[in-house]
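Peer 1: Below you will find the structure I want to go over with you.
The values are calculated or read from the model by the stated rules, or taken from the named source; none is laboratory data. Source: prediction; values computed, not measured. Note that each Cβ is placed from the backbone with ideal geometry, even for glycine, and that neighbours are counted across all protein chains shown. To get the accessible areas, we keep the full protein, side chains included, count just its heavy atoms, and leave off ligands, DNA and RNA. Shrake-Rupley method; radii C 1.70, N 1.55, O 1.52, S 1.80 Å.
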Amino acid sequence: MGYLVLVENDVSAWEDETGIKYHFPKKYNNLVSAGSEFVYYKGRIQDKSFKDQRLSAKPHYFGKGRLGKIYPDKRSDKGDLFAAIE
């Protein structure tokens, strides 16, 4: 099994917290499971005000980890989910 790639954008409608939780739509539920290993990815910088919070303005991988418990986003009416980061 390979790594999952978790995309984190500087500006996002998702409630991701790096190293704590990842927020994702239910269409990916069959790909995401507790115990899965992942790498974090950021795309090309869009808003230069985030320049000092990134490793690079270019697309890059910036971390890795393992997913913990998968649980529903109780505020979502679309079935969105969270994955805890271990």
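Peer 1: Determine, from the Cβ-Cβ distance of TYR61 and ASP10 and an R0 of 22 Å, the FRET efficiency 1/(1 + (r/R0)^6), rounded to the nearest 0.05.
Peer 2: Numbers: r = 15 Å, r/R0 = 0.70.
Efficiency, rounded to the nearest 0.05: 0.90.
Peer 1: Using modelled amide H (1.01 Å from N, peptide plane; none on Pro or chain starts), what sits under 5 Å from the amide H of ASP16, excluding residues fewer than 5 places away?
Peer 2: Sorted by chain and number, the residues that satisfy this are HIS23.
Peer 1: Per residue, how large is the accessible surface of the chain? Use a 1.4 angstrom probe and give square angstrom.
Peer 2: Roughly 70 Å² per residue, with all protein chains present.
Peer 1: Continuing with this model, one more query. Can you tell which of ASN29, ILE45, TYR61 lies farthest toward the positive end of the dipole of the stretch 1-82, using +1 and -1 charges on the Cβ of basic and acidic side chains (Lys, Arg; Asp, Glu)?
Peer 2: Projecting each Cα onto the dipole axis, the largest value belongs to TYR61.
Peer 1: Quick one: pull the percent of accessible area on the chain belonging to carbon and sulfur, 1.4 Å probe, ligands and nucleic acids left out.
Peer 2: Carbon-and-sulfur percentage of accessible area, whole number: 51.
Peer 1: Around PHE62, which amide H atoms from residues at least 5 apart in sequence, or from another chain, sit under 5 Å from its own amide H, with H modelled in the peptide plane?
Peer 2: Hits under the 5 Å cutoff: TYR40, TYR41, LYS42.
Peer 1: Which lysines does LYS48 reach when only Cα atoms under 30 Å apart count, and residues fewer than 8 places away in its own chain are ignored?
Peer 2: Answer for LYS48, where 30 Å is the Cα cut-off: LYS21, LYS58, LYS64, listed by chain and number.
Peer 1: Calculate log10 I(q)/I(0) of the chain for q = 0.17 Å⁻¹, where I(q) comes from the Debye formula with a single equal point scatterer on each Cα and nothing for solvent.
Peer 2: -0.71
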